[in-house]
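Report on the structure given below.
Any read-out appearing in this document is the output of simple, stated calculations on the displayed coordinates, not a laboratory observation. Nothing here was measured: the structure is a model prediction, and the numbers come from that model. Quick reminder, even Gly has a Cβ in these numbers, built from the backbone with ideal geometry, and neighbours come from all protein chains shown.
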Amino acid sequence: MPIDLKKIETEALENIEAAESSDNLESLRVKYLGRKSEISGYLRTVKDLDADDRAEAGEEVNRIKKNLKKAFEGKSKELREKEVSEKMTKERIDISAPGKKIKEGSLHPITQALRDVRRIFNSMGFYIVEGPEAETDFYNFDALNIPKEHPSRDLMDTFWIKKEEGMDNYLLRTHTSPMQIRFMEKHNPPFRIVVPGRVFRHEATDATHEIQFYQVEGLMVDKNVSLAHLKGVLTHFLSEFFKKDVEIKFHQSHFPFTEPSVEVFMKLKGKWIEIAGAGMVHPNVFKAVKYNPPGPDDWQGFAFGIGVDRLVMIRHNIDDVRLLYGGDLRFLEQF
Ligand code: DAH
């Protein structure tokens with residue numbers, strides 16, 4: 001016999017027994033049973049032996065191979081069990097340790113305020129509706145009785161969208177009031193709605209001005225609606241929003257779409273702060289939506305537009321409106 005099979009077998013069994021890891025064992029398996037091992041090499045030469053020798057040699061090699069395989073399997077199982085248990089000890093989870101704190105996000109203060117707005121007006125029977133941010137000049141101005149020469153139509157004050165052939169004049173709405181028209185075109189009174197939404201003004205920003213901000217439009221149309229109802233609704237809303245009894249007062253003002261028009265002030269820490277524009281719906285607005293054939297019991301309505309950012313700033317003592325849109329986490333994480 002050109003190689004000492006017995007010696008190889010003994011040596012292999014000793015090495016298998018001494019193997020310290022699965023990796024270690026795997027290289028031994030390649031060494032003794034792999035295609036390039038001495039045993040495999042020998043097996044390839046067996047076919048050249050005499051018939052008698054061939055049978056004997058074949059049997060012997062197979063016996064050894066089987067024996068080694070069994071030894072490999074046994075050792076492999078032993079090593080794997082050891083390795084798994086070592087790993088578990090190393091990575092053991094201490095179930096009594098305090099958990100890792102998951103950082104909780106929070107809603108933007110404007111989102112929080114808008115949710116309160118919806119909830120409070122809803123509780124007074126107002127529907128919540130929303131309108132498009134890109135409006136036509138008809139809805140944003142004309143139908144609201146805002147004359148052609150009104151300064152808010154100026155390029156300096158409004159973001160106009162480039163006009164295409166045959167298209168209406170589009171702009172980013174400067175207020176939520178156009179939704180008054182859109183709603184009244186499709187619904188008959190009596191009704192009450194609020195329209196929360198974003199509006200845009202083309203102006204330089206500073207602590208009290210942003211090019212975008214939020215308003216809540218309100219509109220109630222019914223028989224015998226008056227400024228007294230408006231005062232009641234706004235007082236209730238503000239008291240709920242600020243969670244304390246709020247006092248408000250009206251100042252005479254002017255808006256093209258209301259007559260009479262008022263500015264709404266609310267008293268806070270002894271100071272009066274303006275928070276909304278409002279008034280009784282102007283007859284021309286009703287005319288634009290084809291309400292009110294002349295008669296003794298015409299529809300009447302009040303409308304208002306509240307500045308949401310102002311409410312948020314008062315609520316949280318914020319002195320610069322730009323913080324609300326800056327996306328600075330140091331600011332946002334406080335809410
Ligand atoms: N649209 C006005 C603005 O943006 C606010 C306003 C005033 C809305 C009076 C109204 C209203 O509904 O009646 O300045």
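Does the stretch 147-180 hold any residues that are within 30 Å of His236 (Cβ to Cβ), assigned to a loop (DSSP other than H, G, I, E, B) and either out of contact with any Ser or Thr (no Cβ under 6 Å at 6 or more places or on another chain) or touching a residue at least 60 places away in the same chain (Cβ under 8 Å) (or both), and which are they? So that I can check it myself, show each step before the final result.
So the first thing to find is which residues in the stretch 147-180 are within 30 Å of His236 (Cβ to Cβ), and the list is 173-180.
The next check asks that each one be assigned to a loop (DSSP other than H, G, I, E, B); those that pass are 173-177.
Matches in the stretch 147-180: Arg173, His175, Thr176, Ser177.
Using the structure shown, decide if Lys223 is under 32 Å from the mean Cα position of the chain (by Cα) and surrounded by fewer than 14 Cβ atoms within 10 Å (Cβ to Cβ).
Values: under 32 Å from the mean Cα position of the chain (by Cα): no; surrounded by fewer than 14 Cβ atoms within 10 Å (Cβ to Cβ): yes.
Against the criterion (under 32 Å from the mean Cα position of the chain (by Cα) and surrounded by fewer than 14 Cβ atoms within 10 Å (Cβ to Cβ)), Lys223 does not qualify.
Against the definition (within 16 Å of the ligand (Cβ to nearest atom), of a type outside the set (D, E, K, R) and farther than 19 Å from His209 by Cα), how does His236 come out, yes or no?
On the way: within 16 Å of the ligand (Cβ to nearest atom): no; of a type outside the set (D, E, K, R): yes; farther than 19 Å from His209 by Cα: yes.
Criteria not met by His236.
Among the numbered criteria (1) surrounded by 13 or more Cβ atoms within 10 Å (Cβ to Cβ); (2) in contact with a Leu (Cβ under 8 Å, 6 or more places away or on another chain); (3) closer than 25 Å to Ile306 by Cβ, which one does Arg115 miss?
The single condition Arg115 does not satisfy is (1).
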